[in-house]
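Since the structure comes first, as C-alpha cells, the remarks are kept for the end.
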Amino acid sequence: MKKQFCTVFFTVFMLLISCENQIQTECSDATVKMRAYAYLKEWYLWYEHIPLIDPTSYDSLADMMNAVKYREGDKLIDRFSYVASKAEHDGYYAGKRYGMGLSWMRNDANELYISMVYPGSPAGDAGLRRGQKVLAMNGVTVEELDENGEYNKQHRNDAGFEEKTDWNNVYNAENKGEEVKFLVLDEGQELETTVVLDDYTAKSVLASKVLESGGVKTGYLHLKSFINSSEDELNEAFAIFKEENVEQLVLDLRYNGGGLVKIAEQLVNLVAGSKGKDQDIIKIIYNNKHSEKNVDYKGKKLKNSLENVKKVAFIVSSGTASASEMVLNSLTPFFDVVIVGETTYGKPVGMNALDICEETIVPITFKYANAEDYGDFFLGIDPDCQAYDDFMHDFGDEREGELAAALYYFANGKCSAEAAARKTAKRRRIEELIPRELKGMGKIDYTF
C-alpha cells in the first residue's frame, strides 16, 4: 500500500502543502483535514479567497469547512458547502432513509397537517397522505402534546418533576420497529392507523398524473429530489405523459433542494425534446484553474421526450434550490414558463463531492448558466404568481392552491385575482449580496 508523503510548512503568513503522491491512504484526523484543505485550494469556486489556515487546528472537518467558506465582509456568500459522513452522503443519493417517511406543517390555526409522505415508506404503507389533519399520536391529542411540552419546559427543574408525554417522548424515534399510532381526519372522516418505524427507500417522484384542465390534457409531476433512482422514475412518468399526449405540464418542485446534474439534464431533455436539441441547455463553468473542465450540455431528444407541450408551469418555494433552479432556468429559453409559489432559494452554483476516508466534503466548485448565458439569481427566482403551500390538499389535487393557480394561468393567461393581489416582499439588489467576481453573471464572466 502506497503512503502519502506531504511536507507542511507553517509560518504566520503562509501554509504550503506539497503532496508528491495522489494515491491517498492515510486516514488520520490531521491528514483528512489537510487533504480537504488542499482540495479546496485547487477546486473551490472562490479559491482565491480561502484564508491561510492550519486545517489541523480545527476540532472537526466541518469546523474547518465553515472557517474557509467565502464571505464578503460580514456577508456569508457561500451558504452551501458542507461536510457529511460518506455513509450519509452515499445513502442520500441511494434514497436510503429511516423513520416514518413523512413531514408535517401547521396552518394559521395551529392545526397539524401531514404535508408530505414518501410512497412505499412506513407512513405511506399505513395509508397516511398529504392533506390529512393529525388529531392524536399514541392516544395523546396534538393539543395535549403542545400543552405538555410547555409544562415540561417550564417545570423541568422543579423538585419532584414528573415529565408528561410531549413531542419529545410520545414515541422513541431511535427504536426500529417502534409502533406509532395515528388518529387523523381524512376528508371529514376519522382514520386510525399504525406506522412502524423502519428503513425505507425514498422515491423522488411523489406524485404523477394526467389532468383534464379546460379540455386540455395536463401532466402534473411532483419531484422531491434529483437522486440516482430519479432516472427510472422520470422515464416512467414521462412515458405516460407522452402516451397521453399532454399539451401542458406542471412541474412541482416546491420541496426540492436539488441533487445530481445528470438528472437535471435528463428532466430538461424530457420536457424540451426537439426544442432544445443540439442547444446548450446547461453550461457548467469551473474556476480558472480548471477551465478545461467547463462543459456545455447539448440538448437531446430522448425516448420519452415530450413534443407537443405548449405551456409549462413551475410550482416553487423557498426550498426550491440548486438542480431544481437549474431546470427552471434551463427551460426558460425554450418556453414561456409561468412560475407559481414563492421566491426560490437562490443557488446558481454546484458541487463536486470528494470522499476522504469515511468523510465526504461537498464544496461549491462551479457555477452554471442556460442557453442565454443567464445564471444570475443568488437572491432566488421570483414567482410570476405568488401563492402559498396548501398542505391541506394532496399533490395533484386540483383544489390544492398552487396547482389551482397554475391551471388558472394556463386557462386565462394571467394570475388569478387572489394571486395578483399579493405583494412580493421587496428584495435587496443582487449587487448587495454577491462578490464583485460574480457580478454581471447575466453574461458569464469566464475570467476568474
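The values are calculated or read from the model by the stated rules, or taken from the named source; none is laboratory data. All values reported here derive from a predicted model rather than from experimental measurement. With ideal geometry, Cβ positions are generated from the backbone for all residues, glycine too; neighbour counts draw on all protein chains shown.
Does segment 126-145 contain any residue that is closer than 21 Å to E192 by Cβ, acidic (D, E) and touching a residue at least 24 places away in the same chain (Cβ under 8 Å)? Checked segment 126-145: no residue is closer than 21 Å to E192 by Cβ, acidic (D, E) and touching a residue at least 24 places away in the same chain (Cβ under 8 Å). For the residues N256, N352, the requirement of being surrounded by fewer than 22 Cβ atoms within 10 Å (Cβ to Cβ), touching a residue at least 40 places away in the same chain (Cβ under 8 Å) and not hydrophobic (A, V, I, L, M, F, W, C) singles out N352.
Among the residues of segment 112-157, those identified as in contact with a helix residue (DSSP H, G or I) (Cβ under 7 Å, 6 or more places away or on another chain) and within 29 Å of L253 (Cβ to Cβ) are L112, V117, Y118, V134.
Taken over segment 51-97, the criterion of being closer than 25 Å to G259 by Cα and of a type in the set (A, V, I, L, M) is satisfied by L61, A62, M64, M65, A67, V68, L76, I77, V83, A84, A87, A94. When you scan segment 173-191, do you find a residue that is more than 30 Å from A406 (Cα to Cα), among the β-branched types (V, I, T) and out of contact with any helix residue (DSSP H, G or I) (no Cβ under 9 Å at 6 or more places or on another chain), even just one? Scanning segment 173-191 turns up no residue that is more than 30 Å from A406 (Cα to Cα), among the β-branched types (V, I, T) and out of contact with any helix residue (DSSP H, G or I) (no Cβ under 9 Å at 6 or more places or on another chain). For segment 331-346, state whether one or more residues are at pLDDT 95 or above, surrounded by fewer than 21 Cβ atoms within 10 Å (Cβ to Cβ) and on the phi > 0 side of the Ramachandran plot. No, segment 331-346 contains no residue that is at pLDDT 95 or above, surrounded by fewer than 21 Cβ atoms within 10 Å (Cβ to Cβ) and on the phi > 0 side of the Ramachandran plot. When S230, S274, S322 are checked against the criterion of being among the small types (G, A, S) and in contact (Cβ under 8 Å) with a residue 60 or more places away in the chain, a single residue qualifies: S322. State whether one or more residues within segment 291-301 are within 21 Å of the chain's Cα centre (by Cα), buried (at least 18 other Cβ atoms within 10 Å of the Cβ), under 20 Å from L45 (Cα atoms) and in contact (Cβ under 8 Å) with a residue 12 or more places away in the chain. Within segment 291-301, not a single residue is within 21 Å of the chain's Cα centre (by Cα), buried (at least 18 other Cβ atoms within 10 Å of the Cβ), under 20 Å from L45 (Cα atoms) and in contact (Cβ under 8 Å) with a residue 12 or more places away in the chain. Take the conditions (1) under 20 Å from the mean Cα position of the chain (by Cα); (2) more than 28 Å from N352 (Cα to Cα); K262 misses just one of them, which is (2). Could you check, for segment 105-124, whether at least one of its residues is closer than 30 Å to F366 by Cα, of a type in the set (S, T, Y) and surrounded by 14 or more Cβ atoms within 10 Å (Cβ to Cβ)? Taking every residue of segment 105-124 in turn, none turns out to be closer than 30 Å to F366 by Cα, of a type in the set (S, T, Y) and surrounded by 14 or more Cβ atoms within 10 Å (Cβ to Cβ). With the structure loaded, tell me whether L206 is aliphatic (A, V, I, L, M), part of a loop (DSSP other than H, G, I, E, B) and closer than 30 Å to Y93 by Cα or whether it fails that test. No.
Yes/no per residue for (1) at pLDDT below 95; (2) in the same structural domain as P348 (by TED's automatic domain parsing); (3) closer than 23 Å to H290 by Cα:
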{"position": "M14", "(1), (2), (3)": "yes, no, no"}
{"position": "Q22", "(1), (2), (3)": "yes, no, yes"}
{"position": "Y47", "(1), (2), (3)": "no, no, yes"}
{"position": "D54", "(1), (2), (3)": "no, no, no"}
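In segment 219-230, the qualifying residues are those that are more than 24 Å from H393 (Cβ to Cβ) and of a type in the set (G, A, S), and the one that is farthest from the chain's Cα centre (by Cα) is S229. Contact map, segment 207-224: first residue under 15 Å from F410 (Cα atoms) and not assigned by TED's automatic domain parsing to the domain that holds Q248, second residue at pLDDT below 95 and of a type outside the set (A, V, I, L, M, F, W, C), Cβ cut-off under 8 Å, separation 6 or more or different chains; the map is empty. Taking segment 302-334 as the range and being under 22 Å from I284 (Cβ atoms), part of a loop (DSSP other than H, G, I, E, B) and over 11 Å from the mean Cα position of the chain (by Cα) as the test, the residues that pass are L302, S305, T332, P333, F334. If the condition is being under 21 Å from the mean Cα position of the chain (by Cα), charged (D, E, K, R) and part of a loop (DSSP other than H, G, I, E, B), then segment 231-255 contributes only R254.
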